[in-house]
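Trainee: Sharing a structure with you now.
Coordinate-derived values only; no laboratory data. What you see is a predicted model; the values in this text were computed from it and never measured. Here the Cβ positions follow ideal geometry from the backbone for every residue, glycine too, while neighbour counts run over all protein chains shown.
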Amino acid sequence: MSVRILALVGSLRAGSHNRQLAEAAAKLAPEGAEVQVYEGLADIPFYNEDIDVEGSVPAAATKLREAAQAADAFLLFSPEYNGTIPAVLKNAIDWLSRPFGAGAFGGKPVAVIGTAFGQYGGVWAQDDTRKAVGIAGGKVIEDIKLSIPGSVTRFAETHPSDDAEVAAQLTEVVARLHGHAGEIVTA
């Protein structure tokens, strides 16, 4: 049985190191796990309850919700913007938290990882992301963490999948998330 993991990347930049991490996670996923890097977060308007009504939900938000409903688990990649979570990732969490009590996260396992230029690798943003997604209904796996510091220099000439240490850590993250999702899928 295959476990579907939806990856949401909190950076829209074409050369984003967090996007590269997500691509590496998809490439390194163990057998039985499929990591899908979601495309289209930039197209989703800011969450507004006035447009989140039947017949008015923007197509981009509906597409995100459908992809999330089909997922067995989530892997969120968060850089750190001004010491916290990027707006694009927070907006995705907000859309997926609704309808209240029946959002797409619905108790599914969630891991939050990432990289940032600073010496701590974005831990503040990742902690804020864990908090937000937990409140939104996700089952945050607190012991799956990976914060890679110095992204601008570390990945200046090396893709994360070609960095042996990072590749091993990503493989472990995806395998552990796959295990948590597999427990739910087979239950």
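Trainee: Grab the other residues whose beta carbon is less than 11 angstrom from that of Lys108, score K and R as +1, D and E as -1, and report the net.
Mentor: In short, +1.
Trainee: Using +1 at the C-beta of Lys and Arg and -1 at the C-beta of Asp and Glu, which of Val88, Phe100, Ala111 has the Cα lying farthest in the positive direction of the dipole of the range 56-187?
Mentor: Looking along the dipole axis, the top candidate is Phe100.
Trainee: For the chain, take every pair of Cα atoms, bin their distances at 10 Å starting from 0, and report each bin as a whole percent.
Mentor: Pairs per bin, as whole percents: 10, 40, 36, 12, 1.
Trainee: In square nanometres and to one decimal, what's the mean projected area of the convex hull around the Cα atoms of the range 122-187?
Mentor: Orientation-averaged projected area of the Cα hull: 5.4 nm².
Trainee: Next question. Antiparallel DSSP bridges in the chain: what percent, to the nearest 5? Walk me through the numbers on the way to the answer.
Mentor: Numbers: 1 of 21 bridges.
In the chain, approximately 5 percent of DSSP beta bridges are antiparallel ones.
Trainee: Right, something else. Under unit Cβ charges (Lys, Arg +1; Asp, Glu -1), what dipole magnitude, rounded to 20 debye, does the range 3-185 have relative to its Cα centre?
Mentor: Dipole magnitude for the range 3-185 comes out near 120 debye.
Trainee: Multiplying the sequence separation of Glu49 and Thr153 by 0.36 nm and subtracting their Cα-Cα distance, what value in nm do you get?
Mentor: Details: separation 104, 0.36 × 104 = 37.44 nm, distance 4.11 nm.
Result: 33.3 nm gained on full extension.
Trainee: Name the residue farthest towards the positive end of the dipole of the chain from the options Phe77, Gly40, Leu28, assuming +1 on Cβ of Lys and Arg, -1 on Cβ of Asp and Glu, about the Cα centre.
Mentor: Toward the positive end, the furthest listed residue is Phe77.
Trainee: At a 10 angstrom cut-off on C-beta neighbours, averaged per residue, how do the peptides 156-163, 70-77 rank from highest to lowest?
Mentor: Highest to lowest by the protection proxy: 70-77, 156-163.
Trainee: How long is the range 1-101 along each principal axis, judged by its Cα atoms, biggest number first, in Å?
Mentor: The principal-axis extents, from largest down, are 41, 38, 22 Å.
Trainee: So if I take the centroid of the Cα atoms in the range 111-187 and the same for the range 8-32, what is the distance between those two points in Å?
Mentor: Computed from Cα coordinates, the inter-centre distance equals 10 Å.
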